[in-house]
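K.L.:
Quick one: the structure is below, and I'll ask about it shortly.
The values are calculated or read from the model by the stated rules, or taken from the named source; none is laboratory data. Quick caveat: nothing in here was measured; it's all calculated off a predicted structure. Quick reminder, even Gly has a Cβ in these numbers, built from the backbone with ideal geometry, and neighbours come from all protein chains shown. Each accessible area value is taken on the protein alone, full model and side chains, heavy atoms only, with ligands, DNA and RNA left out. Shrake-Rupley method; radii C 1.70, N 1.55, O 1.52, S 1.80 Å.
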Amino acid sequence: MEHPKYKIALIVGAGEGLSASLARLLSAQNIRVALAARKIEKLGALCSETGARAYACNAADPDEVERLFGLVEREIGTPDLVVYNASGRTRGPFVDLVPADVANAIAVSAYGGFLVAQQAAKRMLPSKHGAILFTGASASVKGYAQSASFAMGKFALRGLAQSLARELSPQGIHVAHFVIDGGIRSAARTEAADRPDSMLDPDAIAQSYWNVLQQPRSAWSWELELRPWVETF
């Protein structure tokens, strides 16, 4: 069976880490890329490198998300691959957390995922083709102390992904959730010299996303856990 073909990708919550690695990989596969973030000023170099276009969008605002999809459709084309990579958090002792900050964190991590996936699914269902990918974290399955808002948001996002996988997979849309269980390596966050490969390489994560996208529909994954070889479960 042929591997699924994707033509236009939209990455929501784009930044300089995993999203950048995904943009590079997808553009190398001749997939046109749109990047969405609250602030797009830092995406200029990545757009120049990959040919991507950047769009400002608050993923937790229904009107902005609908507008985003409309713009991408008009300027590039209808996305058949959508990645939700946005998240929000506020840390601190539980009794000290500010309710408004917690509500915002949950809105970005989970409600935004719903809004983006809904707009994506509306466009994918007529052709019975497409993929919606969600980026999770250790907090998707483990709630850590002083991190209640992040756990609530990521647990909800995982539940959304599981529900959508059961509903949309039989209609030809591949839905997958990725548990990124460990720190992601970056220029600002490097691993100790005596602990090589103790952090996740963003390019390696992107390759795993691509591998899932290439799965024949007779053997689809709805979830994949990724962690460094030395990370504890």
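K.L.:
Using heavy-atom solvent-accessible surface (probe 1.4 Å) with all chains present, what is the largest-first order of Val116, Val230?
P.N.:
Values: Val116 0, Val230 60 Å².
Accessible-area ranking of Val116, Val230, largest first: Val230, Val116.
K.L.:
Leaving out ligands, DNA and RNA, what percent of the accessible area of the chain is carbon and sulfur, probe 1.4 Å?
P.N.:
52
K.L.:
Subtracting the Cα-Cα distance from 0.36 nm times the residue separation, let me have the gained length for Trp210 to Asp96 in nm, one decimal. It would help to have the intermediate numbers written out before the result.
P.N.:
On the way: separation 114, 0.36 × 114 = 41.04 nm, distance 4.07 nm.
So the extension gain works out to 37.0 nm.
K.L.:
I need to check one value: relative contact order of the chain, counting alpha carbon pairs closer than 8 Å and at least 6 residues apart, in percent. If you can, show how the numbers build up before the last one.
P.N.:
Numbers: 432 pairs, mean separation 43.9, N = 233.
This gives 19 percent for the chain.
K.L.:
Can you pull a Stokes-Einstein diffusion coefficient for region 105-161 at 25 °C (0.890 mPa s), Rh from Kirkwood over Cα pairs, as a whole number of µm²/s? Please list the in-between numbers first.
P.N.:
On the way: Rh = 12.0 Å.
D = 205 µm²/s.
K.L.:
Report, in whole Å, the centroid distance computed from the Cα atoms of region 55-98 and region 101-161.
P.N.:
Region 55-98 and region 101-161 have Cα centres spaced 10 Å from each other.
K.L.:
Follow-up. For region 35-46, what does the Karplus curve 6.51 cos²θ - 1.76 cosθ + 1.60, with θ = phi - 60°, yield as ³J(HN,Hα) per residue in whole Hz, taken in order and with x for Gly and Pro?
P.N.:
10, 10, 7, 4, 10, 10, 4, 7, 9, x, 5, 5
K.L.:
With every protein chain present, what is the per residue accessible area of the chain (1.4 Å probe, Å²)?
P.N.:
Values: 11560 Å² over 233 residues.
Dividing the accessible area of the chain by its residue count gives 50 Å².
K.L.:
Under a 10 Å cutoff between Cα atoms, tell me which one of Ala110, Ala59, Ala156 has the largest fluctuation in the Gaussian network model of the chain.
P.N.:
Comparing Ala110, Ala59, Ala156 in the GNM, the peak value goes to Ala156.
K.L.:
Which one of Ala121, Gln162, Ala60 is farthest out on the positive end of the charge dipole of region 8-226, using unit charges on Cβ (Lys, Arg +1; Asp, Glu -1) and the Cα centre as origin?
P.N.:
Comparing the listed Cα positions along the dipole, Ala121 ranks first.
K.L.:
For a quick check: with amide H placed at 1.01 Å from N, whose amide H comes under 5 Å from Lys7's, ignoring anything fewer than 5 positions away on the same chain?
P.N.:
Distant-sequence amide H within range of Lys7: Asp80.
K.L.:
Over region 1-131, with a single point scatterer placed on each C-alpha, what log10 of the ratio I(q)/I(0) does the Debye formula yield at q = 0.10, 0.14, 0.17 1/Å?
P.N.:
For region 1-131, the Cα-only Debye profile gives -0.34, -0.62, -0.87.
K.L.:
Dividing the alpha-carbon radius of gyration of the chain by 2.2 N^0.38 Å (N being the number of residues), what value is obtained?
P.N.:
Values: Rg = 17.1 Å, N = 233, 2.2 N^0.38 = 17.5 Å.
For the chain, the normalised Cα radius of gyration is 0.98.
K.L.:
When the convex hull of the C-alpha atoms of region 128-233 is computed, what volume per residue in Å³ does it have? Each step should come with its number before you reach the end.
P.N.:
Working: hull volume 12.4 nm³, N = 106.
About 117 Å³ per residue, rounded to a whole number.
K.L.:
While we're looking at this one, here's another question. Based on Cβ point charges of +1 for Lys and Arg and -1 for Asp and Glu, what charge dipole magnitude is obtained for region 8-226 about its Cα centre, in debye rounded to the nearest 20?
P.N.:
Working: 21 positive and 21 negative charges, 64 e Å.
Dipole about the Cα centre, nearest 20: 300 debye.
K.L.:
In the neighborhood of Glu75, defined by Cβ-to-Cβ distances under 14 Å, what is the net charge if each Lys or Arg adds +1 and each Asp or Glu adds -1? Before the final figure, lay out the partial values.
P.N.:
Numbers: positive: Arg32, Arg53, Arg67, Arg74; negative: Glu73.
So the surrounding residues net to +3.
K.L.:
Let me ask another. Quick one: of the DSSP bridges fully inside region 8-226, what percent are antiparallel, nearest 5? Working shown, then result.
P.N.:
Details: 1 of 29 bridges.
Percentage antiparallel, nearest 5: 5.
K.L.:
Which lysines, if any, have their Cα less than 17 Å from the Cα of Lys154, not counting same-chain residues under 8 positions apart?
P.N.:
Lys142
K.L.:
Sticking with this one: Tell me, what does the Kirkwood hydrodynamic radius of region 1-58 come to in angstroms if you use every pair of distinct C-alpha atoms? Let's see the in-between values first.
P.N.:
Numbers: mean 1/r = 0.0876 Å⁻¹.
Computed over Cα pairs of region 1-58, the Kirkwood hydrodynamic radius comes out at 11.4 Å.
K.L.:
Now, a different point. I'd like the accessible area for Arg67, computed on protein heavy atoms only with a 1.4 Å probe and all protein chains in place. Round to 10 Å², please.
P.N.:
Solvent-accessible area, nearest 10 Å²: 140 Å².
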